[in-house]
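Participant: Structure below; questions to follow.
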Amino acid sequence: MNGFLGYVNGSSPLHNLHPLTKMIMSVALCAPCFLSGNHLLILGIIALNLCLFASAGGAGRAITTLLSFVKFSAVLFVLQVLFIRDGTPIFTLPPGIVVTREGVMFSLLFVLRFMASTMPLALMLSVTPVGDISNVLVRNLRIPYKYAFVITTAVRFIPLFSEEMLGIMEAQTARGVEFDTKNFIKKIRLLVPLCVPLLVSSVRKIENSAISAELRGFNLRTRLSGYKQYSFGANDVLVIAACAAIIAFSASGILP
């Protein structure tokens with residue numbers, strides 16, 4: 001699973017952290033985005049995420065992910081700017097739509113928060129196997145196994161569905177369908193019919209997974225069923241302390 005939410009094998013310091021520490025780090029990197037409205041601080045969080053990606057051997061993946069976020073954020077930015085009318089006018093678009101300074105600043109803050117709060121999730125999932133996340137949720141956080149299974153299954157199936165959709169599109173391209181068209185409306189019309197084979201394939205995968213889970217004693221699993229043990233180390237303590245410092249700094253109000 002090498003997609004957006006897929007695990008990338010490695011032996012970096014981030015890979016070797018306790019899974020619970022990685023989850024805490026992910027939450028700690030998201031929190032400042034909502035505790036502070038400072039644009040520079042949120043840009044710093046994005047830069048920190050990129051550095052962490054690079055330290056885990058995923059610099060290329062981080063850039064690809066960031067570019068995808070930028071493209072989607074550009075659409076969100078335009079929509080926000082067009083619908084916020086309060087504030088000091090900057091200029092007026094031909095239909096009479098007023099673009100204000102407050103609207104631009106709020107829209108910029110909105111998209112920065114979106115990117116900065118989503119990247120830690122991608123980082124955690126790229127350095128943590130889904131099985132480890134499930135084990136920690138059940139063993140350490142005492143979440144019932146059924147709920148943990150739902151969470152991890154959703155994470156596991158997203159990249160699988162992406163790969164399945166890509167395979168369907170490649171098959172259609174081999175048959176002469178032009179998916180590389182720059183016409184957005186035409187591309188949507190070409191993608192809609194592909195939802196049916198994707199849905200059929202997804203139902204088959206879900207059924208096979210359900211049968212596999214039943215054969216492995218799904219209803220008999222408890223908090224102590226996991227065989228893998230995790231231990232905290234010095235690096236975990238340092239990372240948790242750094243996370244606490246980041247949250248405290250962002251909530252202190254030092255930055256405007």
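The values are calculated or read from the model by the stated rules, or taken from the named source; none is laboratory data. This is a predicted model, so every value here is computed, not measured. A quick note on method: Cβ atoms are made from the backbone with ideal geometry, for glycine too, and the neighbour counts reach across all protein chains shown.
Participant: Do we have any residue at all in region 57-71 that's in contact (Cβ under 8 Å) with a residue 24 or more places away in the chain and of a type in the set (Phe, Trp, Tyr)?
Facilitator: Yes: one or more hits.
Participant: Does Ser68 qualify as being modelled with pLDDT of 85 or more and polar (S, T, N, Q)?
Facilitator: Values: modelled with pLDDT of 85 or more: no; polar (S, T, N, Q): yes.
So Ser68 fails the test.
Participant: Of the residues Met25, Met115, Met119, which is in contact with a Phe, Trp or Tyr (Cβ under 6 Å, 6 or more places away or on another chain), in a helix (DSSP H, G or I), buried (at least 17 other Cβ atoms within 10 Å of the Cβ) and in contact (Cβ under 8 Å) with a residue 60 or more places away in the chain?
Facilitator: Details: Met25 fails: in contact with a Phe, Trp or Tyr (Cβ under 6 Å, 6 or more places away or on another chain); Met119 fails: in contact with a Phe, Trp or Tyr (Cβ under 6 Å, 6 or more places away or on another chain).
Testing whether each residue is in contact with a Phe, Trp or Tyr (Cβ under 6 Å, 6 or more places away or on another chain), in a helix (DSSP H, G or I), buried (at least 17 other Cβ atoms within 10 Å of the Cβ) and in contact (Cβ under 8 Å) with a residue 60 or more places away in the chain leaves just Met115.
Participant: Just a yes or no: is a residue in region 210-224 surrounded by 11 or more Cβ atoms within 10 Å (Cβ to Cβ), more than 20 Å from Leu141 (Cβ to Cβ) and modelled with pLDDT of 75 or more?
Facilitator: Residues of region 210-224 that are surrounded by 11 or more Cβ atoms within 10 Å (Cβ to Cβ), as a first pass: 210, 213, 218, 221, 223.
Next cut, more than 20 Å from Leu141 (Cβ to Cβ) only: 210, 213.
Adding the requirement that they be modelled with pLDDT of 75 or more leaves 210, 213.
Yes.
Participant: For Ser252, only one of the following conditions fails: (1) closer than 30 Å to His15 by Cα; (2) assigned by TED's automatic domain parsing to the domain that holds Leu52. What is its number?
Facilitator: Of the numbered conditions (1) closer than 30 Å to His15 by Cα; (2) assigned by TED's automatic domain parsing to the domain that holds Leu52, the odd one out for Ser252 is (1).
Participant: Against the definition (touching a strand residue (DSSP E or B) at 6+ places or on another chain (Cβ under 6 Å), farther than 30 Å from Tyr230 by Cα and without any contact (Cβ under 8 Å) to a residue 60 or more places away in the chain), how does Ile90 come out, yes or no? Even if it seems obvious, please write down each step before you answer.
Facilitator: Values: touching a strand residue (DSSP E or B) at 6+ places or on another chain (Cβ under 6 Å): yes; farther than 30 Å from Tyr230 by Cα: yes; without any contact (Cβ under 8 Å) to a residue 60 or more places away in the chain: yes.
Yes.
To keep it simple, each residue is scored yes or no on (1) within 30 Å of Thr21 (Cα to Cα); (2) within 25 Å of the chain's Cα centre (by Cα); (3) aliphatic (A, V, I, L, M).
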site: Ile143; (1), (2), (3): yes, yes, yes
site: Val150; (1), (2), (3): yes, yes, yes
site: Thr173; (1), (2), (3): no, no, no
site: Val196; (1), (2), (3): no, no, yes
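Participant: Something else now. Among the residues of region 213-227, which ones are within 27 Å of the chain's Cα centre (by Cα) and either of a type in the set (Asp, Glu) or part of a helix (DSSP H, G or I) (or both)?
Facilitator: Across region 213-227, the qualifying residue is only Ala213.
Participant: Moving to a separate point now. With respect to Glu164, is the statement that it is buried (at least 16 other Cβ atoms within 10 Å of the Cβ) and either in a helix (DSSP H, G or I) or more than 26 Å from the chain's Cα centre (by Cα) (or both) true? Please lay out each step first, then the result.
Facilitator: On the way: buried (at least 16 other Cβ atoms within 10 Å of the Cβ): yes; either in a helix (DSSP H, G or I) or more than 26 Å from the chain's Cα centre (by Cα) (or both): yes.
Yes.
Participant: Which residue is surrounded by the fewest Cβ atoms within 10 Å (Cβ to Cβ), if the candidates are limited to region 28-69 and must be small (Gly, Ala, Ser) and not in a helix (DSSP H, G or I)?
Facilitator: In the first step, residues of region 28-69 are kept if they are small (Gly, Ala, Ser); the result is 28, 31, 36-37, 44, 47, 54-60, 62, 68.
Imposing the further condition that a residue be not in a helix (DSSP H, G or I) reduces the set to 36-37, 56-58.
Details: Ser36: 22, Gly37: 15, Ala56: 20, Gly57: 17, Gly58: 22.
Top of the filtered list is Gly37.
Participant: Tally the residues that are without any contact (Cβ under 8 Å) to a residue 24 or more places away in the chain and assigned to a helix (DSSP H, G or I), restricting the search to region 176-205. I'd like the intermediate steps shown before the answer.
Facilitator: At the first step, the residues of region 176-205 found to be without any contact (Cβ under 8 Å) to a residue 24 or more places away in the chain are 176-193, 195-196, 199-200, 203-204.
Restricting the remaining residues to those that are assigned to a helix (DSSP H, G or I) gives 184-193, 195-196, 199-200, 203-204.
Residues that pass the stated criteria total 16.
Participant: Restricting to region 70-109, give me the number of residues that are surrounded by 16 or more Cβ atoms within 10 Å (Cβ to Cβ) and within 24 Å of the chain's Cα centre (by Cα).
Facilitator: 7
Participant: Between Ala47, Ala59, Ala54, Ala28, which is more than 23 Å from Pro159 (Cα to Cα) and touching a helix residue (DSSP H, G or I) at 6+ places or on another chain (Cβ under 7 Å)?
Facilitator: On the way: Ala47 fails: touching a helix residue (DSSP H, G or I) at 6+ places or on another chain (Cβ under 7 Å); Ala59 fails: more than 23 Å from Pro159 (Cα to Cα); Ala54 fails: more than 23 Å from Pro159 (Cα to Cα).
Going through Ala47, Ala59, Ala54, Ala28 in turn, just one is more than 23 Å from Pro159 (Cα to Cα) and touching a helix residue (DSSP H, G or I) at 6+ places or on another chain (Cβ under 7 Å): Ala28.
Participant: Residues in region 112-121: is at least one of a type in the set (Phe, Trp, Tyr), modelled with pLDDT of 90 or more and under 19 Å from Ala74 (Cβ atoms)? Before the answer, list the steps.
Facilitator: Of the residues in region 112-121, the ones of a type in the set (Phe, Trp, Tyr) are 114.
Next, only the ones that are modelled with pLDDT of 90 or more stay: 114.
Now restrict to residues that are under 19 Å from Ala74 (Cβ atoms): 114.
Yes, because at least one residue in region 112-121 is of a type in the set (Phe, Trp, Tyr), modelled with pLDDT of 90 or more and under 19 Å from Ala74 (Cβ atoms).
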